[in-house]
Ligand SMILES: C[S@@+](CC[C@H](N)C(=O)[O-])C[C@H]1O[C@@H](n2cnc3c(N)ncnc32)[C@H](O)[C@@H]1O
Ligand code: SF4
């Protein structure tokens, strides 16, 4: 059974990479099918027209909203910037319900999908459930990724009742030994029982939602457990199992299996970056990030605490980033710039975990 599912998800990935040069996830497809409207479809058409024409000033609005509900975490995963205790120059905070509502209200007419995390553990914010409940009244698909440590039977009940569509649980291992090597501070038995409880509650309600994905970040110390864990995940009722190549700053942590080694230098895909037209990323401190790979406050394009969406979306920095991406697509020399997209597009190295000075191709480790 799990082989059929794996093949199905591989087919979706292959098709979306071939057609859109980007990974189109199950969540994207479900969001499109479930949460469309004429207004959103019209906006989508303008988004893609403006990407195609390389428009720097766009009349379209984003169709994915990312709200970092918190930049605080209870674990210390060694290659996660938050896990390392790096703040990136930001205040550490849980986003308030009012802040989230204020942002959602400004873009709900164009948004298909709301993602409720970037760097931090979303279930630690006591407002996360009410943010989900509110956004679900706006015909938006809602998803989050969690380390599953803060779940309890009562919390799981409320999570299902909130109407959330998709939950990724991050469990990198099929045994306590390997799990705790990366998820420092986590308890394997506890998170596994939390996920089993969530699945059990969903089953007893005969509910299909939320869709539950088990994500397994693959390192050298856990790669031998991938197959057995995938089998176990499907046995307990998980809908999708995803082994993910790990970003590390330490070669000795990298998996030996080529399939699980990250492709850091991949300019071909970055040339097709469309995020400054498609995604609005808001960090826990209200900062408007260029994309989910951006971490440091100095790289922000604005602040939703200070400026409304309507004045931010076409500001100088957004226009500059669209210009750089447009130049790369047309294969004309990039205009030298100190915004984060310049290094990213020119080098093909995404700006988290490692940064790069694209002009002398020097890799730097953040932190
Ligand atoms: C920074 S976490 C924030 C959400 C939540 N705390 C969690 O762990 O799921 C976002 C995603 O990054 C993934 N991640 C963490 N460390 C990683 C690494 N070294 N390489 C690749 N992905 C990683 C997590 O598994 C998660 O899916
Ligand atoms: S649980 Fe998530 S946010 Fe927390 S340290 Fe690990 S990867 Fe980072």
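Look at residue 134 and say whether it is more than 19 Å from residue 208 (Cβ to Cβ), assigned to a helix (DSSP H, G or I), more than 16 Å from ligand 1 (Cβ to nearest atom) and modelled with pLDDT of 95 or more.
Against the criterion (more than 19 Å from residue 208 (Cβ to Cβ), assigned to a helix (DSSP H, G or I), more than 16 Å from ligand 1 (Cβ to nearest atom) and modelled with pLDDT of 95 or more), residue 134 qualifies.
Being away from ligand 2 (no atom under 16 Å from the Cβ), farther than 18 Å from residue 285 by Cα and loosely packed, with under 15 Cβ neighbours inside 10 Å narrows it down to one residue among 109, 50; which is it?
109
Which residue is modelled with the lowest pLDDT, if the candidates are limited to region 55-112 and must be within 16 Å of ligand 1 (Cβ to nearest atom) and closer than 26 Å to residue 26 by Cα?
Per the stated criteria, the residue is 80.
Output the residues belonging to region 193-208 that are more than 15 Å from ligand 1 (Cβ to nearest atom), under 13 Å from residue 233 (Cα atoms) and either in contact (Cβ under 8 Å) with a residue 12 or more places away in the chain or outside any helix (DSSP H, G or I) (or both).
Of everything in region 193-208, those that are more than 15 Å from ligand 1 (Cβ to nearest atom), under 13 Å from residue 233 (Cα atoms) and either in contact (Cβ under 8 Å) with a residue 12 or more places away in the chain or outside any helix (DSSP H, G or I) (or both) turn out to be 196, 199.
With (1) away from ligand 2 (no atom under 16 Å from the Cβ); (2) touching a residue at least 24 places away in the same chain (Cβ under 8 Å); (3) closer than 30 Å to residue 109 by Cβ as the list, and residue 294 as the residue in question, which single condition is left unmet?
That leaves (1) as the condition not met.
Going through 173, 120, 163 one at a time, which residue ends up being farther than 27 Å from residue 277 by Cα and within 16 Å of ligand 2 (Cβ to nearest atom)?
173
Which residue pairs have Cβ atoms under 7 Å apart, sit 6 or more places apart or on different chains, and have a first residue in region 162-184 that is free of Cβ contacts under 8 Å to residues at least 24 places away in the same chain and a second that is more than 14 Å from ligand 2 (Cβ to nearest atom)?
176/189
I'm trying to understand the selection: among the residues of region 157-170, which are within 12 Å of residue 215 (Cβ to Cβ) and either out of contact with any helix residue (DSSP H, G or I) (no Cβ under 6 Å at 6 or more places or on another chain) or part of a helix (DSSP H, G or I) (or both)? Working first, answer last.
If we filter region 157-170 for residues that are within 12 Å of residue 215 (Cβ to Cβ), which is where we start, we get 166-170.
Result: 167, 168, 170.
Out of everything in region 123-148 that is within 16 Å of ligand 2 (Cβ to nearest atom) and over 17 Å from the mean Cα position of the chain (by Cα), what residue ends up being farthest from residue 68 (Cα to Cα)?
Across region 123-148, the extreme among qualifying residues is 124.
Only one of (1) in contact with a helix residue (DSSP H, G or I) (Cβ under 9 Å, 6 or more places away or on another chain); (2) more than 20 Å from residue 120 (Cβ to Cβ) fails for residue 154. Which number is that?
(1)
Would region 58-68 turn up any residue that is assigned to a loop (DSSP other than H, G, I, E, B), in contact with a strand residue (DSSP E or B) (Cβ under 9 Å, 6 or more places away or on another chain), within 13 Å of ligand 2 (Cβ to nearest atom) and farther than 16 Å from residue 127 by Cβ?
no
Quick one: in region 124-137, which of the residues that are surrounded by fewer than 24 Cβ atoms within 10 Å (Cβ to Cβ) and touching a strand residue (DSSP E or B) at 6+ places or on another chain (Cβ under 9 Å) is farthest from residue 287 (Cα to Cα)?
Here the residue is 136.
Against the condition loosely packed, with under 14 Cβ neighbours inside 10 Å, in contact with a helix residue (DSSP H, G or I) (Cβ under 9 Å, 6 or more places away or on another chain), touching a residue at least 40 places away in the same chain (Cβ under 8 Å) and over 29 Å from residue 26 (Cα atoms), how does residue 305 come out, does it pass?
The answer is yes for residue 305.
The values are calculated or read from the model by the stated rules, or taken from the named source; none is laboratory data. All values derive from a computational prediction rather than experimental measurement. Methodologically, a virtual Cβ is constructed for each residue, glycine included, from the backbone with ideal geometry; neighbour enumeration extends over all protein chains shown.
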